[in-house]
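Scroll down for the structure; my scribbles are underneath it.
We did not get these values from a lab; they are worked out from the coordinates using the rules stated. Here the structure is a predicted model, which is why all the values come from computation and not from measurement. Using ideal geometry, Cβ is built from the backbone for each residue, glycine included, and neighbour counts are taken over all protein chains shown.
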Amino acid sequence: MGRIVHFEIHVNDMDRAKKFYGEIFGWTFEDWSDYAGIPYFGAITGDSNEPGIDGALMQRHGASPPIAQPMNGFVSTIGVEDYDATEAKILQLGGIVALPKYALPGMAWQGYYIDTEGNTFGIHQPDENAK
């Protein structure tokens, strides 16, 4: 079995993180804090009849990771329909570029960003003409 079924994004400012992910990707959030015993909001990432998983934003219990540190954990990559429009929203809402857009030749456009909470994530737009 070993399939990933849930993710958690650690955040310093819950409202800021909900705005960031909600406005960029259209995610909605449900307050699950009573279950978790800490500020914890379920992230509904899309239609349950489509491939993908849901996750949560949870209150961080320590310092944010330093920028430019090598990755020490998992990075989630989020599928998007329009790479450039998504990048513009990320930057407008306070995200920064970690690794600029590049082609996966014949497959997709890929890039990595740092969210308002110091976490790295990727975006991925399928495109057979990418080169």
Can you tell me the relative contact order of the stretch 5-71? Whole percent, Cα pairs under 8 Å, sequence separation 6 or more.
38 percent
Convex hull around the C-alpha positions of the stretch 24-105: the volume in Å³ per residue is 151 Å³
If you look for lysine pairs in the chain that are eight or more places apart or on different chains, how many of them have Cα atoms under 22 Å apart?
4
Contour excess over end-to-end distance, with Cα ends at ASP15 and HIS61 and 0.36 nm allotted per residue
14.9 nm
About the Cα centre of the chain, how large is the charge dipole given +1 on each Lys and Arg Cβ and -1 on each Asp and Glu Cβ? Please answer in debye to the nearest 20.
440 debye
Ordering of 37-49, 112-124, 8-20 by burial proxy (mean other Cβ atoms within 10 Å per residue, highest first)
112-124, 8-20, 37-49
With the contact rule set at Cα under 8 Å and sequence spacing of 6 or more, what percent relative contact order holds for the stretch 73-131?
38 percent
Let me check against my output: what whole-number percent is the relative contact order of the chain, with C-alpha pairs under 8 Å and at least 6 apart?
23 percent
So how far apart, in nm, are the two label points at ASP54 and ALA103 if each is 7 Å from Cα heading toward Cβ?
3.9 nm
Once amide H atoms are built 1.01 Å from N in the peptide plane, which residues 5 or more positions from THR77, or in another chain, come under 5 Å H to H?
GLY122
Structure-based [θ]222 nm, the chain - -39500 (n - 2.57) summed over DSSP H runs of at least 4, per residue, nearest 500:
-5500 deg cm²/dmol
Helix axis angle, 83-92 relative to the chain longest principal axis, alpha carbon, degrees
40 degrees
